[in-house]
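A short worksheet on the structure shown next.
The values are calculated or read from the model by the stated rules, or taken from the named source; none is laboratory data. Predicted, not measured: the structure shown is a model, and the values here were computed from it. Cβ coordinates were reconstructed from backbone atoms using ideal geometry, including for glycine residues, and neighbour counts include every protein chain displayed. Surface areas here come from the heavy atoms of the whole protein model, side chains and all, with no ligands, DNA or RNA. Shrake-Rupley method; radii C 1.70, N 1.55, O 1.52, S 1.80 Å.
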Amino acid sequence: MNIRDSEIMAQSLSRYGYVEGMDLQDADLVILNTCSIRAKAEQKVMSLLGYLRKTKEKRPDMKICVAGCVAQQEGKTIIDRMPHVDLIIGTQNIYKIGEYLLDAEHGGNRVKTNMEDQYKIPAFLPDVPSEGADAADDNAPFQFSRFVTIMQGCNNYCTYCVVPYTRGREVSRRAQDIVDEVALLVRSGVKEITLLGQNVNSYARTNEVHCENSNYNFSSLLREVSAVKGLKRLRFTTSNPKDLTDELMSCFKDVDNLCPQFHLPVQSGSDAVLKAMNRKYSVEQYLGQVEKLREYCPSISISTDIIVGFPGETDEDFEGTMELLEKVQYHGSFSFKYSDRPGTRSSEFENKVDEEVKSKRLARFQARQDEIGLERNKEFIGQEKEILVETVSETSVKGRTNTNHIVHVNEPVDTKPGELLRVKINFAGQHSLKGELV
Ligand code: 5AD
Ligand code: SF4
């Protein structure tokens with residue numbers, strides 16, 4: 001989500017004469033696009049702002065802007081603590097960043113976090129250079145894989161989560177705008193699209209997105225986007241199991257370019273904890289979904305998010321999470337220690353788990369997941385897979401399978417980024433696979 005938002009700000013600022021740069025020391029404008037999902041991310045922002053204060057003392061013309069969820073939530077507090085910041089721009093205001101920067105320069109308000117902008121998601125067709133035109137530009141390698149935002153905000157209010165407060169209510173983009181954006185990207189050379197939303201399964205639930213058809217939902221959108229001519233690979237993220245329908249799962253059976261990969265965050269393997277998290281599904285329901293997905297698509301790679309040490313999580317609850325891990329055998333997972341976020345319901349819960357206990361649980365979970373992930377990777381050995389090439393050197397190629405596994409081919413290959421290659425997997429490591437050209 002933040003990567004896509006950064007692209008939107010860069011595209012929007014290009015109309016004001018800005019070009020993206022790589023070197024902080026030369027920049028006329030530095031934007032910190034922030035995340036506040038866990039406390040650690042927020043601490044990083046504050047220390048980077050401290051560092052930038054010194055840079056700005058040497059180059060007072062340099063502008064500093066803070067965007068994203070920390071900006072949305074902390075707004076004025078950041079300016080009070082860090083007066084060298086020129087602009088605070090909220091999650092729904094990024095489309096107008098150029099205008100707001102000019103306004104702040106001319107003495108206007110430096111905090112632009114008005115949530116009312118959220119109902120005005122522009123149709124926003126990105127200015128994408130075409131693959132051919134881009135090849136002449138050494139600075140900007142063409143991106144064959146792109147994100148397309150389909151909705152913003154979230155209405156779920158999981159008790160630990162700051163997103164409904166920082167990104168506002170759920171609003172879906174018009175289906176036609178999304179399809180047009182994908183078609184434009186594909187025409188310019190893009191091969192892979194990832195549809196993005198906090199909870200894509202509830203796409204079109206809160207506002208009308210397709211006038212002709214009131215039953216239009218995420219499965220409808222997925223099918224419509226998949227039919228864009230020339231699109232090789234389609235993915236989406238993120239899903240909430242509570243809204244996962246059979247209709248969507250069945251897309252994995254018959255939508256050819258839909259990649260066999262599903263990120264399905266479970267958060268915990270204990271019903272009591274799921275209830276306290278306000279997740280609205282049970283472990284049994286979740287396992288039923290995993291089974292169904294594998295029935296529809298036996299090669300599907302499933303990954304998840306886990307929080308350990310949620311307030312009130314007992315040893316027994318945590319064992320439930322470990323059991324779930326054994327049952328599902330995830331290809332991969334992202335796991336985190338619970339952290340209190342400002343304004344969330346769980347931050348007020350009293351039965352907090354000890355930091356040391358959280359660390360121990362996390363280490364145990366991750367060690368077992370690493371073993372399982374490696375075992376799952378080894379299942380690829382001997383299989384032929386198609387990879388989408390990302391980088392090519394004189395002696396090697398790196399690409400990704402449709403299951404989103406990185407594959408290294410350590411031999412010279414006559415190919416270029418964006419091409420599809422058939423390889424045979426001959427080695428599996430923890431984080432990547434190796435293969436040879438077929
Ligand atoms: N503490 C720890 N992890 C969190 N996540 C969201 N909020 C918190 C929190 N307060 C994790 C969830 C979510 C992922 C993006 O971040 O697992 O799925
Ligand atoms: Fe946060 Fe829950 Fe919404 Fe995901 S579904 S963004 S975890 S509130």
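Of note:
- Residue within the range 310-317 that is over 25 Å from residue 235 (Cβ atoms), within 16 Å of ligand 2 (Cβ to nearest atom) and touching a residue at least 40 places away in the same chain (Cβ under 8 Å) present: yes
- In the condition set (1) away from ligand 2 (no atom under 14 Å from the Cβ); (2) of a type outside the set (S, T, N, Q); (3) within 26 Å of residue 357 (Cα to Cα), residue 302 is compliant with all but (3).
- Residue list for the range 15-61, restricted to those being in a loop (DSSP other than H, G, I, E, B) and surrounded by 14 or more Cβ atoms within 10 Å (Cβ to Cβ): 18, 20, 27, 35, 36, 37, 38
- Residue match in the range 84-91 (condition: more than 25 Å from the chain's Cα centre (by Cα) and of a type in the set (D, E, K, R)): yes
Quick grid of which residues meet (1) in a loop (DSSP other than H, G, I, E, B); (2) polar (S, T, N, Q); (3) open to solvent by less than 60 Å² (accessible area, probe 1.4 Å); (4) under 28 Å from residue 294 (Cβ atoms):
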{"site": "370", "(1), (2), (3), (4)": "no, no, no, yes"}
{"site": "373", "(1), (2), (3), (4)": "no, no, yes, yes"}
{"site": "376", "(1), (2), (3), (4)": "no, no, yes, yes"}
{"site": "382", "(1), (2), (3), (4)": "yes, no, yes, yes"}
{"site": "415", "(1), (2), (3), (4)": "yes, yes, yes, no"}
{"site": "426", "(1), (2), (3), (4)": "no, yes, no, yes"}
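- Number of positions in the range 328-339 that are surrounded by 15 or more Cβ atoms within 10 Å (Cβ to Cβ) and within 16 Å of ligand 2 (Cβ to nearest atom): 6
- Considering the range 158-188, and only residues there that are of a type in the set (S, T, N, Q) and open to solvent by less than 20 Å² (accessible area, probe 1.4 Å), the residue that is farthest from ligand 1 (Cβ to nearest atom) turns out to be 188.
- For residue 5: the one exception among (1) open to solvent by 80 Å² or more (accessible area, probe 1.4 Å); (2) under 19 Å from the mean Cα position of the chain (by Cα): (1)
- Of all residues in the range 341-354 being at pLDDT 95 or above and within 27 Å of the chain's Cα centre (by Cα), the one that is farthest from residue 315 (Cα to Cα): 344
- Residue satisfying all of: in the range 266-303; out of contact with any Cys (no Cβ under 7 Å at 6 or more places or on another chain) and among the charged types (D, E, K, R); surrounded by the fewest Cβ atoms within 10 Å (Cβ to Cβ) among these: 284
- Single unsatisfied condition, residue 155 versus (1) surrounded by fewer than 17 Cβ atoms within 10 Å (Cβ to Cβ); (2) under 30 Å from residue 243 (Cβ atoms); (3) modelled with pLDDT under 90: (3)
- Of the residues making up the range 34-93, those that are over 25 Å from residue 7 (Cβ atoms), of a type in the set (Asp, Glu) and within 16 Å of ligand 1 (Cβ to nearest atom) number 0.
- Selection of the range 304-327 for residues being hydroxyl-bearing (Ser, Thr, Tyr) and either open to solvent by 20 Å² or more (accessible area, probe 1.4 Å) or assigned to a loop (DSSP other than H, G, I, E, B) (or both) yields only 314.
- Selection count where residues are part of a strand (DSSP E or B) and closer than 25 Å to residue 405 by Cα, scope the range 328-339: 5
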